[in-house]
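Reading through the structure tokens given below for one structure.
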Amino acid sequence: MIVELGHFALVLALAVAVLQTVVPLVGAHKRWATWMAVGEPAAVVQFLLVSFSFAALTYAFVTSDFSLSLVVMNSHTDKPMIYKISGVWGNHEGSLLLWVLILALFGACASWFGGNLPPTLRARVLAVQGSIGVAFLAFLLLTSNPFLRLAEPPLNGRDLNPLLQDPGLALHPPFLYLGYVGLSMAFSFAVAALIEGRVDAAWGRWVRPWTLAAWVFLTIGIALGSWWAYYELGWGGFWFWDPVENASFMPWLIAAALLHSAIVVEKREALKSWTILLAIVAFGFSLIGTFIVRSGVITSVHAFANDPERGIFILLILAFFMGGALTLYAARAKAMEAKGVFGIVSRESALVVNNILLAVACFVVFIGTIWPLVAELLWDRKLSVGAPFFNAAFSPFMVALAMLMPFGALIPWKRAQIGRGMAPLWPVLALSVAFGALIFAMQTGRSAVGPVAAALGLWVVLGAGVDLWSRTGRGTIGNRLSRLTRLPRADWGKATAHSGMGITLFAAAAMHAWQAEDIRVAQIGETFAFHGYEVTLNAVEEVEGPNYISTMATMTLAANGREIAVLQPEKRVYPVQAMPTTEAAIDYGFTRDVYLVIGDEQENGGWAVRSYFKPFANWLWIGSGLMALGGLFSLSDRRYRIAAGATRTRAMAQPAE
């Protein structure tokens, strides 16, 4: 009964979404206050209905209701409870329901927290958000119904993909979807502003919190996915440039550009057309990512393999929203004329260059991701675009971005002088170059990637500190420290996020430049040397888990004869799906990880063992966390919470006749 009610709630949510789309849009056009007001309760009701539907599906998974086809395909009675719950979104239908739930949540948040918006703009934002809900609820009900019953339920299910039975991947999709779908709010604000024919500084302030929230969630989601790939897949890497990884990275890059572009709109009323275009394109890349994951056109450990008909439906959604938004964008070009004038050397120009670098970097990732599909479609050729292409084509833009960040953050608006802007940064530059030279002198027989990354990372981090310190004005150190604690949270958020970016760039390059790898066959009881450590394979035994059988090795890690850690890498087999997985054992350190993987037993009785030395691996997650934390600091700033309420001008509304 609960399952049927969940299905019925989805049908009702579709009807409410249609109401939310049509009535406020007509009301805003006619200036009818009562019609415009319909959007707010409609958004909340849609969210409540989709929430009930999601809760009903979760109940079916938790209780192992094998009369439901989706539960049979993705669950099993022996599975731990956390994976029964995460199994709700560990498949196409359930994850799409989560997608729709988050979409409805953002619409409800616009209703709850949009009181400072002009009534017509709020009504149009909710209407556009409702139209996206209509499209995806229709997609869900027509092609991907999660509530299909079986006439003859089996006694047990087929279990969830073993690769997804991990705490990191249980949390990864919800955060990633909060970022993906959160960009729909920037899209709705952009389209609503185009319909109104008004893009101004107040609009720039209104759209920034929503974009910032989406960017923070995307950052957390990508970091969780990267961390999962690092410790779960057993290959020792954190980023493979897989198409589905790229599908989340592209909107992250565009969202970062949109955040900085919206600042220029708010502060200087410039870059209006560019900011609107970025808002449209950011959500477009989210839809492209949805297509890549769900169309079945690629094979990936992250993808849902489904029939291409669903991909065609998503392409139609993409064509409708992107085509409609871009057509409206072209028609409203005059409404986006810039008012602010700025010089070649100015903060505005620095942000323009920042946006160009991020946008072109995104375009490079897009070309590398989509090119194999294009080659197969047009020329029937199987091509593979791997890490060498992305590293060579993408990295220069990140290097240029890192070089620009401290200078661009310090120079004033409108016009600036290079000499004055660099004055407080010369000591930082000298220290960074000297640090890079020291690292280069200390290493032997290696490339310059590590030292360059070290210099750039220190440049960005210290530059962020100089930017923060410069905002305390003049006076004694004590007075400046006191003023430092009273700076707006947005200033602290900016410095924290930029520092996180510098640390992340350094860590990614350091892991690439200074890692070490060893692959060998080891006998039980054998000790071998690896990168200054001694590794001993003590034992290998069979261990039975709750829903898997594990080949577990016990290995001792020592240095200079002193034991550091006892590690137990595993190779698991899940009998229900007859699928093996690798569970690496990692000795985590502040400046390095030692990463051990057990392989198959060999004919001579030994075991395949892979060992990795990963320098500064934890700094990658620290940097990502700092970027997200910086975004949260900025999001908590009071100026974001009031969202330009003091400067708004409310449109005169007429009662409905």
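Taken together, the values in this text are just the output of simple stated rules run on the coordinates, not laboratory data. These numbers were taken from a predicted model, which means no experiment stands behind them. Note that we place each Cβ from the backbone using ideal geometry, even for glycine, and neighbour counts take in every protein chain shown.
How large is log10 of I(q)/I(0) for region 66-138 at q = 0.14, 0.21, 0.28 Å⁻¹ when the intensity is taken from the Debye formula with one equal scatterer per alpha-carbon? After summing over all Cα pairs, the log10 values are -0.59, -0.87, -1.19. The convex hull around the C-alpha trace of region 516-617, projected and averaged over every direction, spans 6.9 square nanometres. Inter-label distance, M1 to F389: 5.7 nm, where each label sits 7 Å from its Cα along the C-beta direction. Relative to the current alpha-carbon distance between A448 and W235, full extension at 0.36 nm per residue lengthens the span by 74.2 nm. Taking the helices alone, the chain has a mean residue ellipticity at 222 nm of -21500 deg cm²/dmol, built from -39,500 (n - 2.57) per DSSP H run of at least 4 residues and averaged over all its residues.
Karplus-derived 3J(HN,Hα) values for region 243-257, using 6.51 cos²θ - 1.76 cosθ + 1.60 with θ = phi - 60°, are x, 6, 4, 5, 5, 8, 6, 5, x, 5, 5, 5, 5, 4, 5 Hz; glycine and proline are entered as x.
In sequence order, region 390-402 has phi-based couplings of 5, 4, 6, 8, 8, 4, x, 5, 5, 5, 4, 5, 5 Hz under the Karplus curve 6.51 cos²θ - 1.76 cosθ + 1.60, θ = phi - 60°, and Gly or Pro positions carry x. Computed over region 395-513, the alpha-carbon pair-distance distribution with 10 angstrom bins reads 13, 40, 32, 13, 2, each value a whole percent. In plain terms, the C-alpha convex hull of region 1-112 casts an average shadow of 7.3 nm² when viewed from every direction.
Using the Cα centre of the chain as origin and beta-carbon charges of +1 (Lys, Arg) and -1 (Asp, Glu), tell me which of S482, L438, L183 is placed farthest towards the positive end of the dipole. Working it through, the farthest residue towards the positive pole turns out to be S482. Counting neighbouring beta carbons within 10 Å and listing from fewest to most, the residues W32, W215 come out as W32, W215. Fewest neighbouring Cβ atoms within 10 Å first, the residues K614, K494 line up as K494, K614. Taking 4 °C and 1.567 mPa s as conditions, region 362-460 diffuses translationally at an estimated 79 µm²/s according to Stokes-Einstein applied to its Kirkwood radius (Cα pairs).
Pairs over the 31 Å Cα-Cα cut-off, from the set K79/K494; K272/K494; K339/K494: K79/K494.
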